[in-house]
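In what follows, a single structure is set out as structure tokens and then discussed.
The values are calculated or read from the model by the stated rules, or taken from the named source; none is laboratory data. Quantities reported herein were computed from a predicted structural model and do not represent experimental measurements. Quick reminder, even Gly has a Cβ in these numbers, built from the backbone with ideal geometry, and neighbours come from all protein chains shown. Calculation scope for accessible area: heavy atoms of the full protein, side chains included, ligands and nucleic acids excluded. Shrake-Rupley method; radii C 1.70, N 1.55, O 1.52, S 1.80 Å.
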Amino acid sequence: MSVEILLPAMSPTMTEGNIAKWTKREGEKVSPGDVIAEIETDKAIMELETDEDGVMGKILVDEGAEGIAVGTLIAVILEDGENASVLDGITASVVSVPSAPPLSISAEQSDTNVTAPVTVSAPEADFPEGTGFSNMTVREALRDAMAEEMRLDDSVFVMGEEVAEYQGAYKVTQGLLQEFGEERVIDTPITEHGFAGLGVGAAMANLRPVVEFMTFNFAMQAIDQIVNSAAKTNYMSGGQIRCPIVFRGPNGAAARVGAQHSQNYASWYAHIPGLIVIAPYSAADCKGLLKAAIKNPNPVIFLENEITYGYSFDVPDLDDYTVPIGKASIVRKGSDVTLVAYSIGVKFALDAAEKLASDGIDAEVIDLRTIRPLDMETIIESVKKTNRVVCVEEGWATCSVSSEISARLMEGAFDYLDAPVTRVTNEDVPMPYAANLEKLAVVNDERIVAAAKTVCYKEDK
Amino acid sequence: MTKKSVPRKTKSGKPAARRKAVKKNTPTATNDELMEYYKGMLLMRRFEEKAGQMYGMGLIGGFCHLYIGQEAVVTGIQATLKDGDSVLTSYRDHAHMLACKIDPKLILAELTGRATGISKGKGGSMHMFSVEHGFYGGHGIVGAQVPIGAGLAFAHKYRKNDNVSVTYFGDGAVNQGQVYESFNMAKLWNLPVIFVIENNQYAMGTSIARSSSEVELFRRGESFKIKGESVDGMDVFAVREAAERAVAKCRAGDGPALLEMKTYRYRGHSMSDPAKYRSKEEVSKMRAEFDPIDQVKKRILDANILSEDDLKVIDKDIKALVSEAADFAQNSAEPHPSELYTDVLVAE
């Protein structure tokens, strides 16, 4: 009987892939373990192996095809001696996977989370007239930022797990080893506590390490070196010992990786005097802020987001483009309610703003970009106009960045508020694995819309 | 050092060479060296005694960990270092700073929390630094300085100079995980770091036997292929000799090195430690028989370099130097309130 080959998901966040190469041709014999194709995913080029014994019957997607959805029928393998006529009429198509049977609870189950668009327009910003733009992914923008700073300053080096030969666990450091060599792009053992501390020591000797955590979940192993060693030493030494280091990597929920790999640490680090905490959204901000972080003489926590790595944005073609640390950005102007967000929360807020617009509510969206120091000035200026604030955060509410903003608004903008400051965050539970529960746990645009309507006193009847 | 090592048999059946710890023929020293180490160690002893008194008077607050008894370790090692080398240790750091030739006034002023202190009064006893003297702290978290020390060594290697990093830690820190993460990377990358375990036999109140499955701490690097050496840390010349080998190895690009210094502190872990975990007799015996300063003093007198009276004059001069530092500290102002918010971040 013939076997259908569907494009598999090869990483937790892969939704589509490219057929880099077919290594078996139609009519060629295949045995279990043979590589039949090379698939380019969002992270790497992976070999697709077969478990079958037979003959490559039909290839349905051409070599070089891009953006093939996971689950697409890409080839058919025939059993030895099987008649090729069974292949007649078969074409590439997405084979849907049967979904789990529905539960009888329905209200929130029916919530549909809108999938991320691949291309997001650049937020408004002041660029010199005639500035050109290149469309690139967040991943590429981060890589370019590191490469540019490494070209400018010999003391900048990158270290972490799989950053060199593997080209980055999430492909963010792709190509750096080839350009800068193994003395400046350093694969470490799996030893977060150790290499975080080693990086701090190198920074105290005035090198400029960029330390990648494969994800910030693993940085909890290293948090003593970040908080006690990196953040406090300049103060404790009366300004003698600098620690110009950047700790970077993905932060927050990815997709279906469960409780230990899905946590947002923004408020943890934002709590610490002596640290700068950055959590950008767009590729332009990722590039400009990572460059600014590497140039900065202080320890910087640079929080990325795995889901946004593949998002594309326009990035200005400017030499040595940096974005100032500590400045929020108004990514959508509006007059009725202010949505304050950071990192992937900005996407949820922008999606919500679109929906609100169709209901006649004009939302302003602020991308914090830097979490510490917090740009309250921009938020308060917006509140003076809208008199309403909804804080959006892909993370827990208790002691969150949203809580901090809420407290500071009480202190600094009480008289401008016409409604309570509201927080829309993840649910207060460890991240569940089941797809439906995960969806319930994570903040989404529908909840933002509902909160915005509440503070505008325009609840759906 | 109270533990006797049984000579191990080699494959050929002959006893292996005995370890340096029990070596009795102390290396030769010039008269100048004897005097230099004597004065250096005496300054540490008198400084720490003064710090203890000032703590008792309430002039020094918080935690204060004295180095009395361990002076030979830092003195012997520092004698092998040169400009550009990096040194760091834990919170028992006063003597390491004196060994780095940092002015005792600045240290005592820091201990008393004054603006003239080396950290402007914002660090205190456990958190002092001097970039100028290659001293990188003064770290308050047990073991946290070890990966940092490896990082300082990494910077030397990155810059392709022949400087080394001397990373001191105690017998308590050897049970912290990041120490082994550091050993692994240091050997993997041949970093020029000398790991110095100051084994004073008690991690706060817990003896090494009660805390460690392997009490021969010089072996703690073996599974990382770091060869360790056990050294009589009460004998400044034994320390120096071992340090010379370790430093030369690291300067030649063949790091890291590991030295276990068998030493002893006479005072409690900190000023607030009643030290009930060991007998008075044990302490008295160490003082009477192994004191590092007395050992050098005896050699000075035996060799007729100076007389007992000459040494009294030296002691008096050192006491005067320490008193002067104490006066300086007490007469200095506390930091201006505006210092509260300075140095949190470096301005760009």
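I'm trying to understand the selection: among the residues of the stretch B:175-200, which are among the aliphatic types (A, V, I, L, M), within 24 Å of B:THR263 (Cα to Cα) and in contact with a strand residue (DSSP E or B) (Cβ under 6 Å, 6 or more places away or on another chain)? Give the steps one after another, and end with the answer.
Taking the stretch B:175-200 first, the residues among the aliphatic types (A, V, I, L, M) are B:179, B:185-186, B:188, B:191, B:193-194, B:196-197.
Filter again for within 24 Å of B:THR263 (Cα to Cα), leaving B:179, B:193-194, B:196-197.
Matches in the stretch B:175-200: B:VAL193, B:ILE194, B:VAL196, B:ILE197.
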| task | Kindly indicate whether any position in the stretch A:253-273 is small (Gly, Ala, Ser), out of contact with any helix residue (DSSP H, G or I) (no Cβ under 9 Å at 6 or more places or on another chain) and open to solvent by 10 Å² or more (accessible area, probe 1.4 Å). | result | yes
| If only one of A:SER282, A:SER267, A:SER262, A:SER312 is touching a Phe, Trp or Tyr at 6+ places or on another chain (Cβ under 6 Å) and of a type outside the set (Val, Ile, Thr), which one is it? | A:SER282
| task | Determine which member of the set B:SER272, B:SER279, B:SER284 is polar (S, T, N, Q) and either touching a Pro at 6+ places or on another chain (Cβ under 8 Å) or touching a residue at least 40 places away in the same chain (Cβ under 8 Å) (or both). | result | B:SER272
| note | Note on the stretch A:330-376: residues of a type in the set (S, T, N, Q) and surrounded by 19 or more Cβ atoms within 10 Å (Cβ to Cβ) are A:THR338, A:SER343, A:THR370
| task | Return the total of residues in the stretch A:126-168 being open to solvent by less than 30 Å² (accessible area, probe 1.4 Å) and assigned to a helix (DSSP H, G or I). | result | 9
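Can we say B:LEU259 is farther than 30 Å from B:GLY62 by Cα, open to solvent by less than 30 Å² (accessible area, probe 1.4 Å) and not in a strand (DSSP E or B)?
No.
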| request: Name the one entry in B:ALA109, B:ALA115 that is in contact (Cβ under 8 Å) with a residue 12 or more places away in the chain, under 27 Å from B:PRO337 (Cβ atoms) and open to solvent by 30 Å² or more (accessible area, probe 1.4 Å). | output: B:ALA115
| task | Answer yes or no: is there a residue in the stretch A:23-39 that is small (Gly, Ala, Ser), part of a loop (DSSP other than H, G, I, E, B) and surrounded by 14 or more Cβ atoms within 10 Å (Cβ to Cβ). | result | no
| From A:ALA196, A:ALA219, residue being facing chain B (nearest Cβ under 9 Å), within 23 Å of the chain's Cα centre (by Cα) and small (Gly, Ala, Ser) | A:ALA196
| request: Report yes if B:LEU98 is of a type in the set (A, V, I, L, M, F, W, C), surrounded by fewer than 24 Cβ atoms within 10 Å (Cβ to Cβ) and within 11 Å of another protein chain (Cβ to nearest Cβ), otherwise no. | output: no
| request: Just name the residue that is nearest to the chain's Cα centre (by Cα) out of those in the stretch B:135-158 that are more than 8 Å from chain A (Cβ to nearest Cβ) and open to solvent by 10 Å² or more (accessible area, probe 1.4 Å). | output: B:VAL142
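Looking at the stretch B:274-348, what helices (runs of 4 or more DSSP H) fall wholly within it and have at least 2 residues that are out of contact with any Lys or Arg (no Cβ under 7 Å at 6 or more places or on another chain), loosely packed, with under 11 Cβ neighbours inside 10 Å and acidic (Asp, Glu)?
Qualifying helices (runs of 4 or more DSSP H): B:280-290, B:308-331.
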| task | Return yes when B:PHE129 is at the interface with another protein chain (Cβ under 8 Å from one of its Cβ atoms) and either within 17 Å of the chain's Cα centre (by Cα) or not basic (Lys, Arg) (or both) and no when it is not. | result | yes
| remark: Conditions (1) away from chain B (no Cβ under 12 Å); (2) crowded, with 24+ Cβ neighbours inside 10 Å -> A:CYS243 fails only (1)
| task | Quickly run through the stretch A:215-235 and pick out the residues that are outside any loop (DSSP other than H, G, I, E, B) and open to solvent by 30 Å² or more (accessible area, probe 1.4 Å). | result | A:PHE218, A:MET220, A:GLN221, A:ILE223, A:ASP224, A:ASN228, A:TYR235
| message | Here's a check for you: in the stretch B:212-233, which residue that is of a type in the set (Gly, Ala, Ser) and free of Cβ contacts under 8 Å to residues at least 40 places away in the same chain is nearest to B:ARG278 (Cα to Cα)? | response | B:SER213
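Matching residues to (1) without any contact (Cβ under 8 Å) to a residue 12 or more places away in the chain; (2) under 25 Å from A:GLY175 (Cα atoms); (3) in contact with a strand residue (DSSP E or B) (Cβ under 9 Å, 6 or more places away or on another chain); (4) part of a loop (DSSP other than H, G, I, E, B):
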site	(1), (2), (3), (4)
A:MET10	no, yes, yes, yes
A:LYS58	no, no, yes, no
A:VAL61	no, no, yes, yes
A:GLU82	no, no, yes, yes
| remark: Considering only helices (runs of 4 or more DSSP H) wholly within the stretch A:248-360, the ones with at least 3 residues that are within 14 Å of chain B (Cβ to nearest Cβ) are A:283-295
| note | Within the stretch A:399-423, the residues that are of a type outside the set (D, E, K, R) and in a helix (DSSP H, G or I) are A:VAL401, A:SER402, A:SER403, A:ILE405, A:SER406, A:ALA407, A:LEU409, A:MET410, A:GLY412, A:ALA413, A:PHE414, A:TYR416
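One line per residue, one yes/no per condition, for (1) at the interface with chain B (Cβ under 10 Å from one of its Cβ atoms); (2) more than 22 Å from B:GLY177 (Cβ to Cβ); (3) assigned to a strand (DSSP E or B):
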position: A:TYR170; (1), (2), (3): no, yes, no
position: A:ILE186; (1), (2), (3): yes, no, yes
position: A:ILE190; (1), (2), (3): yes, no, no
position: A:PRO209; (1), (2), (3): yes, no, yes
